[in-house]
Protein chains: 4
Amino acid sequence: MYSFTNDYSEGAHPRILNALMESNLKQADGYGEDRYSRQAMEVLKKRIGRNDIDIHFLSGGTQTNLIAISAFLRPHEAAIAANTGHILGHETGAIEATGHKVISVEVSDGKLNPSHLQAVLKDHPDEHMVKPKLVYISDSTELGTIYSKSELEHLSKFCKENKLFLYMDGARLGSALSSRENDLDLSDLATYLDAFYIGGTKNGALLGEALVICRDSLKEDFRYSLKQKGALLAKGRLLGIQFLELFRDNLYFDLASHANKMASLLREAITQAGLGFLSDSSTNQIFPILPNSLIADLKAGYSFSFWKKIDSDHSAIRLVTSWATPEEAVSSFITKLNNQ
Amino acid sequence: MYSFTNDYSEGAHPRILNALMESNLKQADGYGEDRYSRQAMEVLKKRIGRNDIDIHFLSGGTQTNLIAISAFLRPHEAAIAANTGHILGHETGAIEATGHKVISVEVSDGKLNPSHLQAVLKDHPDEHMVKPKLVYISDSTELGTIYSKSELEHLSKFCKENKLFLYMDGARLGSALSSRENDLDLSDLATYLDAFYIGGTKNGALLGEALVICRDSLKEDFRYSLKQKGALLAKGRLLGIQFLELFRDNLYFDLASHANKMASLLREAITQAGLGFLSDSSTNQIFPILPNSLIADLKAGYSFSFWKKIDSDHSAIRLVTSWATPEEAVSSFITKLNNQ
Amino acid sequence: MYSFTNDYSEGAHPRILNALMESNLKQADGYGEDRYSRQAMEVLKKRIGRNDIDIHFLSGGTQTNLIAISAFLRPHEAAIAANTGHILGHETGAIEATGHKVISVEVSDGKLNPSHLQAVLKDHPDEHMVKPKLVYISDSTELGTIYSKSELEHLSKFCKENKLFLYMDGARLGSALSSRENDLDLSDLATYLDAFYIGGTKNGALLGEALVICRDSLKEDFRYSLKQKGALLAKGRLLGIQFLELFRDNLYFDLASHANKMASLLREAITQAGLGFLSDSSTNQIFPILPNSLIADLKAGYSFSFWKKIDSDHSAIRLVTSWATPEEAVSSFITKLNNQ
Amino acid sequence: MYSFTNDYSEGAHPRILNALMESNLKQADGYGEDRYSRQAMEVLKKRIGRNDIDIHFLSGGTQTNLIAISAFLRPHEAAIAANTGHILGHETGAIEATGHKVISVEVSDGKLNPSHLQAVLKDHPDEHMVKPKLVYISDSTELGTIYSKSELEHLSKFCKENKLFLYMDGARLGSALSSRENDLDLSDLATYLDAFYIGGTKNGALLGEALVICRDSLKEDFRYSLKQKGALLAKGRLLGIQFLELFRDNLYFDLASHANKMASLLREAITQAGLGFLSDSSTNQIFPILPNSLIADLKAGYSFSFWKKIDSDHSAIRLVTSWATPEEAVSSFITKLNNQ
C-alpha cells in the first residue's frame, strides 16, 4: 500500500539526518542563537539577494502563520484569504484564536487578485467591521496552482496602495518555484511581499519553516512573539542545521523538482487516459476527477485523499508526490490506472 | 571552553538519531497518528501503570505549558505559581497571552505547599478578582529542588478539596525522579496530579515533551488545542520515535542518572572547598555561591549562568549537567576550582 | 428631517427617566447587587415563568454577545451564524477577538434551520477545523423576520441532539414577540434556548440588555466574565431600575407594539404603492425596494439606511420605527411617497 | 444606616438627570457621533487647552483600562503597575484577558517613581520575558494619595527616555485635582501623559469616563477598539450629555471639592481623636486605623469597607465620601466616633 496522501509521510532526506549526526555532540547556544542557525540565515539572505531582511526558523506551517499574522496585526485588524486558504479551513481557527478574523473570498483556483481585495475593502468601510489589513496567499496554493510574477506584482502594487500587508504561506514554495510554469524566484518574493515563509517540512526536512520578514516595521521584537507562542526551540540548532543543509547547494530545489516530476508523470498519464482535473496544477499536488468505480479500485493499492464530490458518478481526489516518491510507485499507479 | 550553561547544548543521544535513521523512509500517518507515536503512548502508559490516561507529544516546555493551561482553564480562571516558576519569569508572558493571570507566590526553595495556596484563595474571594484554579509546580524546580511523595500528597489533597487542578512542569522530571533523594515514581504522579509532562528536550531528545492528562474532564478535544496553537507537527512521528526510544528500556532514566552523577561530583567538590549553595539541589542544576574573583577565573575556561548577587563579594552561579556531560569536563572544572 | 435610521435615535421612554429620578438619591450597593436589580431579576423570572434561570444586566448588544459567547465556549469551539448575523458583520470581529471563529451560513431570510447546521457539522469533522458548538440566532432577525414556535422547536431539538448550545440575540426581541405573526412567548424561549437576551436599548431604555441563562452548566461564575470584560457597572442600579420599569406592567410590549404598528403602516402604504420588499418583515424594520429616483426624493426629508443595490434602477432601503416614532412622521412619509 | 463604602452609591447629580430629560426626545446619531458627544469633546479640549488630542467616552473604569491598554500594546508588551493598582487586584484579570501581563511593583503609598521603573526594566532584559511598555498610574491612587507635578514630570521624563507609555487611571481624578495639596491641572496631564481618563462615574455621573489620548501614534483606529470590546453605546449621547453638563461650568470640580471637604472633616476629627491613617490622603478616600472595638461600634450605624488588619487590636478601614455625602452624615459619624 503506497501513500500519495501527502508530502510528509516519510522522515527527512538522508543528507539532513547526516548533518544532524555530524554536528550532534558539538555544544551550541540555545534558542536559535547557535552558529548553525546563524549560518543558515546568512545562506538564505544570499540566496534571496538581500541583507535587509530578517529570518526566523519555526517548526510548522500553522505555527508560522499564527505567529506572523498575530505579530503583524493590531487587535481590530483582519486577514483576507481565499476560501481555499489553509488558515481558513485546516488550522482549527488558529488565527481567530489570536483574536483576528479571517475574511474569506470565494475563488475557483486558490488565488487572490486585486479585484477580490477591492471588494473586501468596499465591504469594510468603518469601525463597525474589522479592518482588513493583511492579505494571505499561498504559493503553491492549496489547489496546486501558482502565482505568476505579473500576478504577484499586481497584488503587491494594490496592497502597497491600500496599506495592506502581503504575506505568503510557502509550505510548498519549493514545488511552486520549481514548477515549469513558474517565473518567480526568491528575490522576487522579497520584492513583492512583506513576509513569507520557505517551507521545509513538506520538502525534505524533519520539520522547519524559514520565515522571511521583508518590511522593516514588522521586524521589531519578533523573537518575543516566537517565545511567547512556544515556538523558540531550546535546541534551535535542529532547525538551523536542516536549512543549512537544504540550501548548502541546490538540495532544496532538487527535492522539489523531483516531487514535481513525479506529479507530472501522473498528470500526463491521467490526461492521456482522457480524464480531467479540478485545478490546473503544475506542482506536486494534483486533483484528478475520476469515476467513483476507478477510485474504489485504486484505493485497494494506494492511499490518497478524497477531495470533493463532482457528480453522482465522479469525484476529485488529491494525489501528492514528494522528494521521497519513488518513480516505481508512480509507474505502478499508472499501470493500475490504465488497466481499469 | 566547556559549557555548563544548560542541558540542551548538544543534539540528541545517539540512540535517538539511530532510531530516526532506521525508520526514516517508512511512510507513516501525519499529525501524531503514526504507529511510532501510538507505540510510544502505549509504552508510557505501561510505565505509568495506567490505561485511563491520555498522552500527547509536544515540541517544548513553553508550548506544553501554554497549551495545557489554556485548554484547562475558563477565561476568568488563573494559575498559581511559585515566583521562581518558569511560566512566571521565562516564558514571555505565554500564559497571560492566552488570557490567564498567573498569581505569584514568594518562596525560597522553588516549591509550593498548601499554606501558600490557602493564602491565595483567601485573597481572591469574589468576582472582582480572578478565580485561582490551577496550581503550577515543577519537579525538579527551577532551583534544582524536588518534591517528596509526602509533599506532593498534601498538595494534591488540598487541591482536590478546593477544586484546584494540580499540574506539574516536568521539563527536568528525569533528573528529579533519578535523584538519590527522590521517593516518587511515574505512577505516583498520575495519582496525585491532574496533568504533568515528561520532559525530553532536556534529557536526550532533539525536542519533545510527553504531556500526560490524568483527569478525565481535561482530556476532551485536547488535539484541537494542539492544532490550534501550532503544536501538531505534520511529521509527528519525530516525537513518537524519540519517546519510544527513550522508554524502550531504561534509557530515559540512565541519561538523567548520568546528569545527576555529574552534578553530584561538582557539588561534593564545591562543598569540600568550603563553599555553599543557594538551594538544596540533588538534581542536575546546582547553584554554588562563589567569590566573584573565583567566578571570573572560572569564566576563562567554562561558560555558565550568573544567577544572583549575594553580597558585594559573592554571587550565585548556575551549573547544569546533562546526559552528554563528559566526566573529564567535570574533573577539569574541579581541578580548576581547587587550584584557585 | 425625520430619521427612520434606527430605533435608538432618542433617549429613553419618559417613565424610565422618572424612575431614575425617583430613586436617584437613595444609596444602593454597587455592581448590580442593589435592590433594584434584584427586584428586576425577580420580575423577569416571573414573566418568564421560571425560577431556575440566571439573569444579568449588561449595557449593549455587542457586549452581551461577546461576553456570553466567550464565557460559554472553550477555546477551540466556534459559533455558527447566518451570514446576516450581527456578530458577523457589525460587531468589528468582537467574537473573534475573544478567540472564537464564527462560521457563516448563507441564508436569504436571516434565519437558520437544522439543515444548515447539519451541513456545518459535516464540514467540521475533526481537530483540523474548529468545533462548532454554539448556534447564534436573532429574533427578530437583522432582516426583520421572526422565528415561529415550530421553527425554534426544531432548531432546539437538533441542537440538543448534537450537543450544540442555542443562543438568541434579542436586541429586538420586544418587536419580535409583539409581531402579529408571532406565536412565541418568553417562557417558550426559556424552554428552547440555552441563553438569550431581552433587548432594552432598542425598545425604550437608555441602555441595557437582560441576559437570561437557562442551561445550568453555563451559569457558573458568569459575574466573573462580566467584570473581566468591563461590563459590571459600578452603578448597576442604572440597568436594574430600567428593566424594573419596563416590566413593572406591560410597558416593554406596549412600546414594541407601537413600533410595530408604525412599521405596519409604512409597509401597507408601500405595498399599496405597488412596491415590494427585500424580506418578509412583520416587525419594526422593513426593507422596501424602491426606484433610485424615489429614494433620492425621500432623502430630502427623511434619513434612513441604504441597504443593498437590487438592479441598476432599484435599491433596498431600511426603515426602522421605534417606541418614539410619532404617527405624524409616518403619515407625512407616506404622503411624500404617494406624491412622487 | 449611612454608607461610606464608596462614591457610587447614589444615582447622578440632579443637573445630569435634568440634562438627560431636556434632550430626551430629540433625535441624534448613534454610537457617539451625536451632537452632544461632539460638543462635550470640544468643551473638554478647551478645558485641557489642546486641540491635538482625541477624546472618547466609555462606560466604566475597568472597560476604559482594558480597552486603552490592549489597544496601545503589541502582544508581547506588558504594563507596569503599583501592587495597589486597580488593574492588578480589582479587575478580574481584565488586562491579562486581553493577553498582556501586568508587572507588579511593591509600594507603600500607591505611587510609582522612576527607580521602580528602572528596576523593572533591568529585570526584563530580553525576549524570554515580556517587554515592559506601558506604565499604569492612578491619580488619586487606590490609597487616596496624589501625584505632585514634579513627581509626574519625572515619571514622564523617564518614560520618554525609555520609550514607555505613561497612562493614568483617573477614576477619581476630580478628587485628586481638587485636593488642597494638588498642583496639577488638566493641561499638565496632557503634557506629561500619553493617555488618561477623566472619571465621571465616581464624580456625579450615572456612568461615564472620558478617555483622552495625547500621543499621536495611539490615536489611530481607536473607535474600532471601542466597538470590538462592546464599549460603543448605541445611545452614545448618554455619555456625551453627561460630560457636557459636568464641564459646562465648574460642576465637575465643585462636586469633587465637596467630596474632599467631607473627607477632610472626617480626617480632622479622626486625627483629633488621636488616631492615625494607613496613607496620607488628601482626597475623598481615607484609611483610618482604628481599634477593632471602635470599628464594631461604628458598623452598627455606618457601612464602610474593612481594608487591612494592622495588629491584633487594630485594623484600617476605608471611608469614602462623594458629591452626594450630606454634611450631617459626616457630623453624626464624628459624634459617634468621639462618643466611644
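Details
- Axis-nearest residue of D (beta carbon) for the D-onto-C rotation, whole Å: D:59, 3
- Spatial extent of region C:44-105: Rg and Dmax, with the Cα atoms as the point set, Å: 13.5, 36
- Within region B:192-245, all pairs of alpha-carbon atoms sorted by distance into 10 Å bins from zero give the percentages 21, 48, 30, 1.
- Across region C:252-339, the fraction of Cα-Cα pairs farther apart than 22 Å, rounded to a whole number, is 19%.
- Convex hull (Cα only) mean projected area of region B:1-115, reported in nm² to one decimal: 11.6
- Neighbour-limited loop hits for trypsin sites (Lys or Arg not before Pro), region D:141-212 (at most 13 other Cβ within 10 Å; DSSP other than H, G, I, E, B): D:163, D:180
- Summing Lys and Arg as +1 and Asp and Glu as -1 over all other residues whose Cβ lies under 13 Å from the Cβ of residue A:335 gives a net charge of -2.
- Considering only alpha-carbon pairs that sit under 8 angstrom and 6 or more positions apart, the relative contact order computed for chain D is 25 percent.
- Residues whose amide H comes within less than 5 Å of that of residue B:101, counting only those at least five positions distant or on another chain, are B:79 (H built at 1.01 Å from N in the peptide plane).
- Ordering D:189, D:232 by the number of other Cβ atoms within 10 Å of each residue's own Cβ, fewest first, gives D:189, D:232.
- Helix-only arithmetic for the protein assembly as shown: the sum of -39500 (n - 2.57) across DSSP H runs with n ≥ 4, divided by the residue total, places the mean residue ellipticity at 222 nm at -12000 deg cm²/dmol.
- Subtracting the Cα-Cα distance of residue A:18 and residue A:310 from 0.36 nm times their residue separation leaves 100.6 nm of extension gain.
- Here the Gaussian network model covers chain B, with springs between Cα atoms less than 10 Å apart; of B:89, B:276, B:11, B:89 fluctuates the most.
- Over region D:164-305, the Kirkwood radius and the radius of gyration, each from Cα atoms, give a ratio Rg/Rh of 1.06.
- Comparing mean-square fluctuations of C:299, C:45, C:131 from a GNM of chain C with C-alpha springs under 10 Å, the top value falls on C:299.
- Position residue A:1, label points 7 Å along Cα→Cβ, spacing to each other copy in nm (shortest first, one decimal): 5.3, 7.1, 7.3
- Rounded to 0.05, the FRET efficiency of the residue A:217 and residue B:39 pair, given R0 = 30 Å and the Cβ-Cβ distance, is 0.05.
- Net charge contributed by nearby residues that have their C-beta within less than 12 Å of residue A:144 (K/R +1, D/E -1): -2
- Among the trypsin sites (Lys or Arg not before Pro) in region C:229-260, none is located in a DSSP loop while being surrounded by at most 10 other Cβ atoms within 10 Å of its own Cβ.
- With R₀ set to 25 Å, the beta-carbon distance separating residue B:25 from residue A:254 gives a calculated FRET efficiency near 0.90.
- DSSP bridge pairs, region D:14-249: antiparallel proportion in percent, nearest 5: 40
- For chain B, built as a Gaussian network whose Cα springs stay under 10 Å, the top-fluctuating residue of B:254, B:297, B:185: B:297
- The Cα center of region C:108-156 and the Cα center of region A:59-107 differ in position by 24 Å.
- Local net charge near residue D:23, Cβ-Cβ under 14 Å (Lys/Arg +1, Asp/Glu -1): +2
- Placing a label point 7 Å from Cα along the Cα-to-Cβ direction at residue C:157 gives distances to the equivalent points in the other copies of 5.3, 5.9, 7.6 nm, listed shortest first.
- Value of relative contact order over region D:202-340, rounded to a whole percent, pairs C-alpha under 8 Å and six or more apart: 24
- Taking a point 7 Å from the Cα of residue A:303 along the Cα-to-Cβ direction, the residues of region A:10-33 with backbone N closer than 13 Å to it are A:10.
- For the pair region B:260-332 / region C:1-53, the C-alpha centres are spaced 68 Å from each other.
- The Cα atoms of region B:91-204 define a convex hull whose projected area, averaged across directions, is 7.7 nm².
- Shape category assigned to the protein assembly as shown from the gyration tensor of Cα positions, a/c cut at 1.5: oblate
- Note on chain B: Rg/Rh from Cα positions, Kirkwood definition for Rh, rounded to two decimals, is 0.98.
Computed from the coordinates by the stated procedures, all read-outs in this text should not be read as laboratory data. Quick caveat: nothing in here was measured; it's all calculated off a predicted structure. All Cβ positions, even for glycine, are placed from backbone atoms using ideal geometry, and neighbour counts span all protein chains on display.
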